[in-house]
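Undergrad: Pasting a structure below so you can have a look.
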Amino acid sequence: MDDEEIRRVVQTMAGPRPAPVGARDRIVGRVAAKRRHRLLGVGAAVAALIGVVVVGAVLESPGRESLPSTRTKLEPSAPLFVHAGPYGFEIEMTVKFPDNRQLLPSVFQADGKTYPVFFYNDKTDDGPQPKPFPLAAGELVVASATLTPDCSTKAQPPDLVVTSRLSNGTTREDTFAVGSNSGKFASEFKAWCAFGVQASVSRSRGAAPGDPVGNVRVALTIVNPGTKPVTVTSAALDRGAAHWNLAAVIVPPGAKRTLVITATHTTCGTQDTPWNAGLLRANGRAIKVSNGTEWC
C-alpha cells in the first residue's frame, strides 16, 4: 500500500457518516436529562453548539504499522454542556466516531492540566460503566469531567483527548477542540470565578463499629475558584449533649479539598449543625453547604 492509499484509508476512517434525522437531538436530550437528575444541586445545564475539529493520530502498537497523522473535520458541531455550581466546574462534550471501537482512559486538557473523563450514553447511564467502554459506529457518547479552572488566567476552552482501540487492535488518539462560539465557555468561566468558595456534603456516616453510640462524621467538599488560598473553618458547636468538634482546611486557589467534621452524641440528618448555625467560614466569611440537609 503506497502513501496515497494510506492517506485515503485514514481519511475514510476519520470522516463523518450520516446519522438518522433527529438522532443526535433525541439522544443528547435524554442523556442530558438523566445527567441533570443525577447531579443534585447542580444548576441547569447550558447547552451550546460548539464547532469541533479532530486531530487523529494512530499510535504504534506492537506488531502493527503505525499510520501517519491526519487532520480532518467530524460533524460541523457538537454539544458542550457546562455545569458551574457548588460541585465544581463540570463540562461535557458529546462526540461520535465513524467506526466501532473501545474507549480507553481519556482526558480533558486545559491550562496545562489533565482531568480524567467519565464516559456515558443512553445505553449505559443507568448501570455500571464498562471499562473499556464499547462504542458502535455513529453512536453518541458523552465525555464528562470536573475542572478546576485557573481564574487568574484567560478562559481557555479545554481539549478532549479520547484514546481508543479499534477493531483491528490499533490504539488511536483523537483530540477534539472547540472551533467556534468559545464565548459561551468564557461566559460560564467568568460566572464560575465569581461564585466564591463552594461547599457540599460528599459523604457522611453515623456510628461505626467500635465508636460510641451517637458519633457522626461528615466530609465536606470545599471548592475554591478564586486566585488566592482560603482557610475554611468549622467552629466548635454545642447543642444539648451534642458536641461538634473544630475542623479546618486550607484550600489553594483553583482547587478543592475535603473538610472532615466530627461530632458526638448526635444523629444523622440533624439540622443542629455548624453550617446551619453560620459557623462554617471561608477566611472568616460564612458560607453555605449546598446540600446541607442531605447527609447520612
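Each value in this text was obtained by applying a stated rule to the coordinates, not by laboratory testing. Predicted model, so just to flag it, every value in this text is computed and none were measured. With ideal geometry, Cβ positions are generated from the backbone for all residues, glycine too; neighbour counts draw on all protein chains shown.
Undergrad: Output ³J(HN,Hα) for region 186-195: one whole-Hz value per residue in order, computed from phi by the Karplus curve 6.51 cos²θ - 1.76 cosθ + 1.60 with θ = phi - 60°, and x for Gly and Pro.
TA: Once rounded to whole Hz, the list reads 4, 5, 5, 4, 4, 5, 4, 5, 8, 5.
Undergrad: At a 10 Å Cβ-Cβ cut-off, how would you order Leu135, Leu246, Leu104, fewest neighbours first?
TA: Values: Leu135 22, Leu246 13, Leu104 16.
So the residues, fewest neighbours to most, are Leu246, Leu104, Leu135.
Undergrad: Let me ask something else about it. How do Ile222, Ile287 line up, fewest other C-beta atoms within 10 Å first? Could the numbers behind the result be given before it?
TA: On the way: Ile222 23, Ile287 20.
Ranking Ile222, Ile287 by Cβ neighbours within 10 Å, fewest first, gives Ile287, Ile222.
Undergrad: At most 15 other Cβ atoms within 10 Å and a DSSP loop assignment: could you name the trypsin sites (Lys or Arg not before Pro) in region 211-296 that fit? Let's see the in-between values first.
TA: On the way: sites: Arg217, Arg239, Lys256, Arg257, Arg281, Arg285, Lys288; in loops: Lys288.
Here the sparse-neighbourhood loop sites are Lys288.
Undergrad: List Trp295, Trp244 from most exposed to least, where exposure is judged by having the fewest other Cβ atoms within 10 Å. Mind dumping the intermediate values first?
TA: Numbers: Trp295 21, Trp244 24.
Arranged by neighbour count, lowest to highest, Trp295, Trp244 become Trp295, Trp244.
Undergrad: Under 5 Å between amide hydrogens, which residues at least 5 positions from Trp295 or on another chain qualify, with H placed 1.01 Å from N in the peptide plane?
TA: Result for Trp295 returns Gly269.
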